[in-house]
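S.K.: Below are the structure tokens for one structure; questions will follow.
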Amino acid sequence: MKLLVLTAIVSLATATAFSSRQTRRRPTVDLAESHAQRPIFDLPGPAMPPSTNNPDSHTQSPAGTVVLSDVMGRDRAINIFAGSVRDVESVSRRLDDEQQNSTVLAPLNSAMDKMPRKAWEDPQEYDTLGSEAYEGSEGRDRAQRNIRRFVEAHVVPVHPWKEGERVKPVGGDSEIWWEEKDGTKIIQPGDIKVDSIGSSVHNGQVWLLKSVRDYSS
Ligand SMILES: *[C@@H]1O[C@H](CO)[C@@H](O)[C@H](O)[C@H]1NC(C)=O
């Protein structure tokens, strides 16, 4: 009987954690507007699903599994990038998946601010389409495509990622790797310095970058 009750609690906790993870994600919205209106920071989620505080659930259950999507919004130093990730469903789903490991290369807010254009803008599109390149539904599609390319260029589909190991990011055909110089990890090509290692969770790790990757090539 006791076992039966415990099982019920665990499965209830699992269901709760699952649904809260689902609802926490924002729907994809109008990019051009959402970027203008996005708050400076996102409220961090709870450290863990509340069910893990339940002293009865000693067993290893999915409810206690923290994944990348749970922690992306927690570090304010990367909240601009975290906001972009939420606009890209393919990557959001990946970071939510316990079975798929990733190393997320998250540029610091300072790096995002230094970009000569927004991640959803493409100077070539301004050249060919003019200042209204991102107006209307076609413009929105263009912005969505660009933000997706940007975000996918910053997610490596492996963890652990060994020094010198060449991998293609989730989006893009060219391989990248990293090397260590004087105690600093540097992503190549591009000499991109890793500022620090952020959260380590069940399905991967977040690395904080001092600059954005050049994803245009
Ligand atoms: C995924 O990451 C975990 C660490 O959180 C590691 O133990 C596991 O071996 C990784 N799986 C693969 C396939 O690399």
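The values are calculated or read from the model by the stated rules, or taken from the named source; none is laboratory data. Since this is a predicted model, take the numbers as computed values, not measurements. When we count neighbours, we look across all protein chains shown, and the Cβ atoms used for this are built from the backbone with ideal geometry, even at glycine.
S.K.: Working only within segment 180-205, note down all residues that are loosely packed, with under 12 Cβ neighbours inside 10 Å and not small (Gly, Ala, Ser).
M.R.: Applying the first criterion (loosely packed, with under 12 Cβ neighbours inside 10 Å) to segment 180-205 yields 180-183, 191.
Answer for segment 180-205, where residues must be loosely packed, with under 12 Cβ neighbours inside 10 Å and not small (Gly, Ala, Ser): 180, 181, 182, 191.
S.K.: Does residue 120 meet the test of being away from the ligand (no atom under 16 Å from the Cβ), free of Cβ contacts under 8 Å to residues at least 60 places away in the same chain and of a type in the set (Phe, Trp, Tyr)?
M.R.: Values: away from the ligand (no atom under 16 Å from the Cβ): yes; free of Cβ contacts under 8 Å to residues at least 60 places away in the same chain: no; of a type in the set (Phe, Trp, Tyr): yes.
Here the answer is no, as residue 120 does not meet what is asked.
S.K.: Which of (1) out of contact with any strand residue (DSSP E or B) (no Cβ under 6 Å at 6 or more places or on another chain); (2) crowded, with 19+ Cβ neighbours inside 10 Å is the odd one out, the single condition residue 132 does not satisfy?
M.R.: The single condition residue 132 does not satisfy is (2).
S.K.: Separate question: Taking into account only those residues within segment 87-114 that are closer than 15 Å to residue 150 by Cβ and part of a strand (DSSP E or B), which is nearest to the ligand (Cβ to nearest atom)?
M.R.: Checked segment 87-114; the qualifying residue nearest to the ligand (Cβ to nearest atom) is 104.
S.K.: Take the conditions surrounded by fewer than 18 Cβ atoms within 10 Å (Cβ to Cβ), at pLDDT below 95 and over 17 Å from the mean Cα position of the chain (by Cα) and apply them to residue 173. Does it pass? Full working, then the answer.
M.R.: Details: surrounded by fewer than 18 Cβ atoms within 10 Å (Cβ to Cβ): yes; at pLDDT below 95: yes; over 17 Å from the mean Cα position of the chain (by Cα): yes.
So residue 173 passes the test.
S.K.: For segment 171-201, what are the residues that are over 20 Å from residue 73 (Cα atoms) and in contact with a helix residue (DSSP H, G or I) (Cβ under 8 Å, 6 or more places away or on another chain)? Don't jump to the end; show me each part of the working.
M.R.: We begin by selecting, within segment 171-201, every residue over 20 Å from residue 73 (Cα atoms); these are 171-193.
Once the filter is applied, which keeps residues that are over 20 Å from residue 73 (Cα atoms) and in contact with a helix residue (DSSP H, G or I) (Cβ under 8 Å, 6 or more places away or on another chain), segment 171-201 yields 171, 172.
S.K.: Right, residue 147: over 20 Å from residue 197 (Cβ atoms) and among the β-branched types (Val, Ile, Thr) or not? Outline the logic, then answer.
M.R.: Numbers: over 20 Å from residue 197 (Cβ atoms): yes; among the β-branched types (Val, Ile, Thr): yes.
Yes.
S.K.: Can you pull out the strands (runs of 3 or more DSSP E) entirely within segment 135-217 that have at least 3 residues that are within 27 Å of residue 70 (Cβ to Cβ) and within 16 Å of the ligand (Cβ to nearest atom)? Give the derivation first.
M.R.: Working: elements: 177-181, 184-188, 192-201, 204-209.
Here the list reads 192-201, 204-209.
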